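Following: one structure in structure tokens, then a few remarks.
No lab work stands behind these numbers, since they all come straight from the coordinates. Just so we're clear, the structure is a prediction, and the values are computed from it rather than from any experiment. We place every Cβ from the backbone using ideal geometry, glycine too, and count neighbours over all the protein chains shown.
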Amino acid sequence: MDLLFEKSVMDRRSELLPPLDVPETALPEQLARKTAPLLPELSEGDLSRHYSALEKRAYGVNSGFYPLGSCTMKYNPAVNEKCAKLPGFCEIHPLQPESSVQGCLAALALAEEYLTEITGMDRMTFQPAAGAQGEFTGLMLIKKYHEARGDHRRKKIIIPDSAHGTNPATVSMCGMEVVNIPSDEDGCINIERLKAAVSADTAGMMLTNPNTLGIFEKDILSITEIVHEAGGLVYYDGANLNAVMGVVRPGDMGFDIIHLNLHKTFSTPHGGGGPGCGAVGCKNFLEPYLPYPVVTKTDNGFRLDYDRPDSIGRVKGYYGNFLVVVKALAYLMTLGKEGIPLSAKTAVLNANYFMHLLKKRYTVATTGVCMHEFVISMEREKKERGVTATEIAKALIDRNIHPPTVYFPLIVKEALMVEPVETESKETLDEAARVFAEIYDAAMEDPGAVHACPQTTPIGRPDEVAAARNPVLRYRREDNDGA
């Protein structure tokens, strides 16, 4: 479809903005443009149709089954949005006096209380804007802890080969070194390899539990003990917490730090749906290093504590994405003490049920019970019939099912990571399994049939390598330089 710029007609107008309600002023001449910006010019009708057409081309959780692995929550209740739109939450300014935002500070304190209880941590900051920034914050706490003790030799972070890709990237950003350890055949940490990896320069370990293969680390208490005995700290990547929340606490497993994806695990939109929050929790001995300000309760209400000389400093402006925390708090209060573990148990039940249905044809990379997700390998089918994970994913698009995550984790060849989540009904899972089976059978009978998929979408098989290596990120009009 054409871009807005390509639909533009000179001097066509839309009156969409309200009248100016503040004094009009002009930029200093040295800052002003010499020519008017070349913005699209369309009527209101054309503009509305354009965005409606875009909406129809997008696939979201309301469009159909969405088993994308490792992105956990696909459920964004409307009540969350209603709470975030309350005037006392959304019509505030980050610089207004503390006395005028006591309700907002109380909401932050309550969210911290609930989430520290769920995770087994003692304090929490909501400043990080997303999971990757939460990772950065968590590792900076580890780094600060060792530096404060004068132990500057500890620069190495142990990471299993099944980890999320952001983990090693975060380690590098913090000026530390990655020590990668291979997983066992069951996808779990090999205890002997871990013992061999720790040393006097071990700063810590980053671990997801359940791991990326959807398996709970059976030796988790031994793992955290080994790292602690070596003098390191253990960081919990909370990307998969939705499988165990309210059932078992990372703090009780021996973890010292955790980041949470509030925009995933606790039901607030993420990605194109809005900003995120990578909340970071820690044990008491790390609390002095948390980013400032932190919410503190006093006899006269709540205040923001900036007097934190040992803090790692801010990782984002002001207090983070506050309304994301409000949405997560609404979810927590809606589900309550009984609903949170029920959500986790239902996610695990759905994943195991769906895995059982797909195992009739597909090869699952691990054996036994999974947690909230599982990984399929198409390695054998690729060798024998030339059918890859990509072929299955593209064929699912034609059947109005969003593909699972493809080619991750990297330790599984031709991987399809499947996560049905807790909100899907048995009927939906049964129907999706039928479609998966039909696609598999058709692909095995005639591999050429899936090579051409998808055939029902506006764009079929784009050159993904070329798009990644030579992206076109700027539109240029032919009659000028596109400035």
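Just subtract the alpha-carbon distance of Tyr51 and Leu110 from 0.36 nm times their residue separation and send over the number in nm, one decimal.
On the way: separation 59, 0.36 × 59 = 21.24 nm, distance 3.85 nm.
Length gained, Tyr51 through Leu110: 17.4 nm.
For Lys426, the lysines whose Cα comes closer than 25 Å to its Cα, not counting residues fewer than 8 places off in the same chain, are Lys74, Lys264, Lys337, Lys345, Lys359, Lys360, Lys394. When all alpha-carbon pairs of the range 279-353 are counted, what percent fall beyond 19 Å? Of the Cα pairs, 57 percent sit more than 19 Å apart.
Considering the range 86-186, its Cα convex hull presents a mean projected area of 9.9 nm². Any chance you could check the Cα centroid distance between the range 166-201 and the range 250-303 for me, in angstrom? Between the Cα centres of the range 166-201 and the range 250-303 lies a distance of 24 Å.
Dividing the Cα radius of gyration by the Kirkwood radius, what Rg/Rh value follows for the chain?
Working: Rg = 25.0 Å, Rh = 25.0 Å.
Over the Cα atoms of the chain, Rg/Rh equals 1.00.
Among the GluC sites (Glu not before Pro) found in the range 377-483, those both in a DSSP coil and sparsely packed, with 11 or fewer other Cβ atoms within 10 Å of their Cβ, are Glu478. Given R₀ = 51 Å, what would the calculated FRET efficiency be for Glu384 paired with Leu3, taking r from the Cβ atoms and rounding to 0.05? Taking R0 as 51 Å, the efficiency between Glu384 and Leu3 is 0.70.
Please list, by residue number, every one of the GluC sites (Glu not before Pro) in the range 86-178 that is coil in DSSP and has at most 14 other beta-carbon atoms within 10 Å.
Working: sites: Glu91, Glu98, Glu112, Glu113, Glu117, Glu135, Glu147, Glu177; in loops: Glu91.
Answer in residue order: Glu91.
Calculated on the alpha-carbon coordinates, the convex hull of the range 159-269 measures out at 100 cubic angstrom per residue.
Quick one: if you take sqrt(5λ) for each eigenvalue of the C-alpha gyration tensor of the range 186-230, what semi-axes come out, biggest first, whole angstrom?
Values: eigenvalues 75, 20, 17 Å².
Equivalent-ellipsoid dimensions as semi-axes: 19, 10, 9 Å.
Provide Rg over Rh for the range 84-143; use the alpha carbon set for both Rg and the Kirkwood Rh (inverse mean inverse pair distance). List each step's numbers first, then the result.
Details: Rg = 13.9 Å, Rh = 13.4 Å.
My calculation puts Rg/Rh at 1.04.
Could you name the aspartates and glutamates whose alpha carbon sits less than 15 Å from that of Lys144, not counting residues in the same chain fewer than 8 places away? Within the straight-line limit of under 15 Å, Lys144 reaches these aspartates and glutamates: Glu135, Asp201, Asp256, Glu287, Asp310.
Relative to one another, the C-alpha centroids of the range 94-161 and the range 356-382 are positioned 36 Å apart.
I'd like the per residue volume of the convex hull spanned by the Cα atoms of the range 226-283, given in cubic angstrom.
Convex hull volume per residue, Cα atoms: 85 Å³.
Round to a whole angstrom and tell me the spacing of the C-alpha centers of the range 406-474 and the range 1-34. Taking the Cα centre of the range 1-34 as reference, the centre of the range 406-474 is 42 Å away. Size descriptors for the range 78-334, from the alpha-carbon set: Rg then Dmax equal 18.1, 57 Å.
Could you order the peptides 368-376, 296-304, 356-364 from most to least packed, using the average number of other C-beta atoms within 10 Å per residue? Kindly include the intermediate steps, with their values, before the conclusion.
Numbers: 368-376: 23.1, 296-304: 11.8, 356-364: 16.0.
So the peptides 368-376, 296-304, 356-364, ranked by packing, come out 368-376, 356-364, 296-304.
At 10 °C and 1.306 mPa s, what whole-number value in µm²/s does Stokes-Einstein give for the translational diffusion of the range 1-88, with Rh from the Kirkwood sum over Cα pairs? Show your work: numbers first, answer last.
Numbers: Rh = 18.1 Å.
Translational diffusion coefficient: 88 µm²/s.
Counting only Cα atoms, the range 1-158 measures 66, 50, 39 Å along its principal axes, largest extent leading. Here the range 109-129 is scanned for amide nitrogen atoms under 14 Å from the site 7 Å beyond the Cα of Thr296 along Cα-to-Cβ, giving none.
For a quick check of your reading of the filter: which trypsin sites (Lys or Arg not before Pro) in the range 22-98 sit in a DSSP loop and have no more than 10 other Cβ atoms within 10 Å? Walk me through the numbers before you get to the answer.
Working: sites: Arg33, Lys34, Arg49, Lys56, Arg57, Lys74, Lys82, Lys85; in loops: Arg33, Lys34, Lys74, Lys85.
Counting only loop positions with at most 10 other Cβ atoms within 10 Å, the trypsin sites (Lys or Arg not before Pro) in the range 22-98 are Arg33, Lys34.
Once both labels are positioned 7 Å from their Cα atoms along Cα-to-Cβ, the gap between Arg193 and Arg303 label points is 5.1 nm.
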